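Step one of this worksheet: look at the structure below.
The values are calculated or read from the model by the stated rules, or taken from the named source; none is laboratory data. Keep in mind the model is a prediction, meaning the values are calculated, not measured. Neighbour counts are summed over all protein chains in view; Cβ atoms, including those assigned to glycine, are modelled from backbone coordinates with ideal geometry.
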Amino acid sequence: MQKSTIQFLLINCLLALVLFSCASVTKNYTPKKLDKTSYTVPYFSDSKTDYVYKTNISVYGNELSGIFIAKKINDTTHRIVFTTEFGNKLMDFEISETDFKVNSIVSELDRKILINTLKDDFRLLLKKEYLIQEQFENESSNIYKSADGKRDNYIFISKKDQKLEKIVQASKTKEKFTLTFSSENNIFAEKIQIVHKNIKLKIELNYFKSE
Amino acid sequence: MKTKIALLILFISGNLFAQEQKMTSAEIAQFKEDVNVVSKKIKTLSTDFVQYKHLDFLSKDIETSGKMVFKEPALLQWQYKKPYNYSIVFKNGKILINDEGKKSAVDIGNSKIFARINKLIIGSVSGNMFDDKEFSISYFKLKGQNLAKFIPKDATLKKYIKQIELTFDKEEATVVQVKLLESSEDYTRIVLKNKVINAKIDDSVFTN
């Protein structure tokens, strides 16, 4: 009797653990009825604007700083350039939801793993349209779930002022990386952070007005 | 018809004339001499600068500005003040960086490429780069100015810089503009102004 109880408890614990970790991404959110089926991101969408940010990248304890430039060059594609403060170009990409082209990269940064990581980061940063399948909420935000291949994106819109505050890309069980936005007017993000969970990579973008 | 062609040729060549005209070898010798005399006198130099980063796909150049201080033989501080604070000091084989208060240092004692960059910056600002064997140099005249174009010979350097153009004030024989071309479309243009030569500059300036 005692033995089977222990087994039962063990199984329960394991089950709970499995369920718990499976649901870890949304575990603190309350499901809610869908109030929209798509969401359009306001940032980076104006083809007339040069999006210029002072950038600090911290990767496994190494610090790299420079200038991040994004510009929408046609309906589907953004040009992304990262330069040093002196203006030397370190990377130059063209990126759309389906295509990715490296125009140039300095040999020191020409590593497949880095390029692929940045590709995923920037693609999410510049993504405009999300189709929504599920909706949740927590205390401060409405959370929209949007499928993205094998992964899901969770879009956090503040309840207070309807601003896009955060996008989390997650596998079925784990958060992969998070984009956090600070915006005054919900058209332009003055400050953006890209933080990875499984690798020590953090990218911070601070908008600067070139005078 | 003939007059039209003649006028057209005159117009085109006139235009070229107004922009750049190759120096004769006598003019080159004189120009180098003038610059060398001035740059030899430079013990310290401080100048304000405005940097324009031109990328062909942008609607506007990215403008940053600040101050540069140089002291013989190889102390250099390059300081951006607008729109952010970022300062870089070259000192005793080290690069000291202060990025909005976040400090870091890179030892360049053995890094050839950085030693070369250091030499390049000091050479660009003082103007004394003509003896550099690493470039092929061509010389031009402009209105009230002289222009020297440096093309790197070294393949590694060439990957970063396609060409350096130094513009000199004809009277003062000092550099007024540095242009670093990455490709035909993209370049960094640095305009130097309010230059002060040989004012007393304390070594403590070169801390970060």
| Odd one out for B:TYR139, checked against (1) at pLDDT 90 or above; (2) within 14 Å of chain A (Cβ to nearest Cβ) | (2)
| query | Picking from B:SER65, B:SER46, which residue would you name as being closer than 30 Å to A:THR49 by Cα, among the small types (Gly, Ala, Ser) and at pLDDT 90 or above? | reply | B:SER65
| Among (1) of a type in the set (Asp, Glu); (2) in a strand (DSSP E or B); (3) without any contact (Cβ under 8 Å) to a residue 40 or more places away in the chain, where does A:GLU139 come up short? | (2)
| request: Check every one of the strands (runs of 3 or more DSSP E) wholly within the stretch A:29-70 and list those with 3 or more residues that are at pLDDT below 95. | output: A:30-32, A:51-59
| remark: Being in contact with a strand residue (DSSP E or B) (Cβ under 7 Å, 6 or more places away or on another chain), crowded, with 18+ Cβ neighbours inside 10 Å and assigned to a loop (DSSP other than H, G, I, E, B) narrows B:LEU96, B:LEU58 down to just B:LEU58
| What about B:LYS179, is it within 12 Å of chain A (Cβ to nearest Cβ) and part of a strand (DSSP E or B)? | yes
| Any idea which of A:LYS150, A:LYS166 is within 17 Å of the chain's Cα centre (by Cα), within 17 Å of A:ILE192 (Cβ to Cβ), more than 14 Å from chain B (Cβ to nearest Cβ) and without any contact (Cβ under 8 Å) to a residue 40 or more places away in the chain? | A:LYS166
| request: Could you tell me which numbered condition A:ASN186 fails, if it satisfies all but one of (1) among the polar types (S, T, N, Q); (2) in a loop (DSSP other than H, G, I, E, B); (3) at pLDDT 95 or above? | output: (3)
| task | Answer yes or no: is there a residue in the stretch A:154-164 that is among the small types (Gly, Ala, Ser) and under 20 Å from A:ASP50 (Cβ atoms). | result | no
| Take the residues of the stretch B:62-79 that are free of Cβ contacts under 8 Å to residues at least 24 places away in the same chain and either outside any loop (DSSP other than H, G, I, E, B) or within 30 Å of A:THR77 (Cβ to Cβ) (or both): which is farthest from the other protein chains (Cβ to nearest Cβ)? | B:LYS67
| task | Under 6 Å between Cβ atoms, at least 6 apart or on separate chains: pull out the pairs that start in the stretch B:23-41 with a residue that is surrounded by 13 or more Cβ atoms within 10 Å (Cβ to Cβ) and end on any residue that is assigned to a helix (DSSP H, G or I). | result | B:SER39/B:SER126
